[in-house]
Amino acid sequence: MMVTGDFAYEDDLSAFVAVVRAHRAVAVAFNSPGGNVSKAMELGRLIRSEGFVTIQSRGSECASACALAFLGGLQRFAQPGSIGVHRSSFSDTRSMSVDDAVSHIQRLTADIMAYISEMGADPALLQLALQYASGDMRYLSLSEMAQFRVTTDSSSSADLAERPAVAEQLPATPPLASPLCRRAGAS
């Protein structure tokens, strides 16, 4: 199963569930620049509850909020440089008071830390992400993915197809595009 596009608050996760169950998906990959952090964490929890493996190659994008969805995998495999992190940003802060903005940021930060821990990754990953502005992506190396427990196998290799444990779990047919996320540029 390939999840594509931006994560949006309005995304209907029941459509994702219907597609993965109809096609008996066992693994999820991403081609997403990110989007809504809360929706990405919701998808990650759904991926975890379904027992899916998450796989990410450098040939597809998984950055920003997508990295959180990736963490939902019961087993997680990724090529070096395939997962990008940075700090979150607001799309429109004009209607927020400073106090409301600070409160929202603190609440979101706590939610992200709790989610990262829940998924078995190291919450220090958020500390790394916070060092990079929203316009500056930090792609994780193989050793960083192991250090922060982004991947569940520290020996994730450059060629995921050669990994027998992963190859056995992948369907013989090409991945399906999920209707979960809107295609980039669509409204």
Item to check | Conditions (1) closer than 25 Å to Asp153 by Cα; (2) in contact with a Pro (Cβ under 9 Å, 6 or more places away or on another chain); (3) not small (Gly, Ala, Ser); number of the one not met by Asp6 | outcome: (1)
Item to check | Qualifying residue in region 87-107 (condition: among the aromatic types (Phe, Trp, Tyr) and at pLDDT 95 or above) | outcome: no
Next on the checklist: For the condition buried (at least 24 other Cβ atoms within 10 Å of the Cβ) and of a type in the set (S, T, N, Q), what is the one hit in Ser60, Ser32, Ser89, Ser95?
Outcome noted: Ser32
Next on the checklist: Filter region 48-80 down to the residues that are free of Cβ contacts under 8 Å to residues at least 40 places away in the same chain, more than 13 Å from the chain's Cα centre (by Cα) and farther than 21 Å from Arg21 by Cβ and list them by number.
Outcome noted: Arg58, Gly59
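The values are calculated or read from the model by the stated rules, or taken from the named source; none is laboratory data. The structure displayed is predicted, hence computed values, not measured ones. All Cβ positions, even for glycine, are placed from backbone atoms using ideal geometry, and neighbour counts span all protein chains on display.
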